[in-house]
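A.B. asks: Sharing a structure, written as structure tokens. Questions coming.
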Amino acid sequence: ANLPPRFTRFFGREPEIARLQELLQSPEVRLVTLSGPGGAGKTRLALECAERLAPHFDGAAYFVPLAALGQP
């Protein structure tokens, strides 16, 4: 997997992780968007889920940072 290192332990948000994993493993789902205010933990949640699911996708989990983009 091409994921950035995490330096803190992840805890809590198990219902969100379970739902996100369910969505990402569904053949009918092609895109999942996490939305919310800055600092809510969207990126951390996505990274944790990617780490847990990477073995199911033969390690094909990638992090693409978009924060620096100024225009769509």
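A.B. asks: For a quick protection proxy, order the peptides 2-8, 43-49 by their average other-Cβ count within 10 Å, most packed first. Intermediate results must be reported in sequence, preceding the final value.
C.D. replies: Numbers: 2-8: 8.9, 43-49: 17.6.
Answer by packing, highest mean first, reads 43-49, 2-8.
A.B. asks: A follow-up question, please. Can you give me the % of accessible surface on the chain that is carbon or sulfur? Probe 1.4 Å, all protein chains present, nothing else counted. List each step's numbers first, then the result.
C.D. replies: Values: 3300 of 5760 Å².
Roughly 57 percent, rounded to a whole number.
A.B. asks: Rolling a 1.4 angstrom probe over the protein heavy atoms, how many square angstrom per residue are accessible across the chain?
C.D. replies: 80 Å²
A.B. asks: Now for a different question. Using packing as a proxy for protection, rank 20-28, 64-72 so that the peptide with the highest average count of other Cβ atoms within 10 Å comes first.
C.D. replies: 20-28, 64-72
A.B. asks: Could you tell me the center-to-center distance, by alpha carbons, between the stretch 1-17 and the stretch 35-72 in angstrom?
C.D. replies: 10 Å
A.B. asks: Report the gain in length on full extension from residue 57 to residue 34: 0.36 nm times residue separation, minus Cα-Cα distance, nm rounded to one decimal. If you can, show how the numbers build up before the last one.
C.D. replies: Numbers: separation 23, 0.36 × 23 = 8.28 nm, distance 2.02 nm.
The residue 57-residue 34 span can extend by a further 6.3 nm.
A.B. asks: A further question on this structure: Helix-only estimate, please: 222 nm mean residue ellipticity of the chain, summing -39500 (n - 2.57) across DSSP H runs of length 4 or more and dividing by its residues, to the nearest 500. Provide the component values of the computation, followed by the final result.
C.D. replies: Values: 2 runs with 23 residues, N = 72.
Dividing the helical sum by the residues of the chain leaves -10000 deg cm²/dmol.
A.B. asks: Rounding to the nearest 20 debye, state how big the charge dipole of the chain is about its Cα centre with +1 on each Lys and Arg Cβ and -1 on each Asp and Glu Cβ.
C.D. replies: Around 240 debye, computed over the chain.
A.B. asks: From the residues 15, 65, 27, which one has its Cα farthest along the dipole of the chain in the positive direction, the dipole being from +1 and -1 charges on Cβ of Lys/Arg and Asp/Glu about the Cα centre?
C.D. replies: 65
The values are calculated or read from the model by the stated rules, or taken from the named source; none is laboratory data. Just so it is clear, the structure is predicted and the values come from calculations on it, not from any experiment. Virtual Cβ from ideal backbone geometry, glycine too; neighbours counted across all protein chains shown. Ligands, DNA and RNA are stripped out before the accessible areas are found, and what is left, the full protein with its side chains, is counted by its heavy atoms. Shrake-Rupley method; radii C 1.70, N 1.55, O 1.52, S 1.80 Å.
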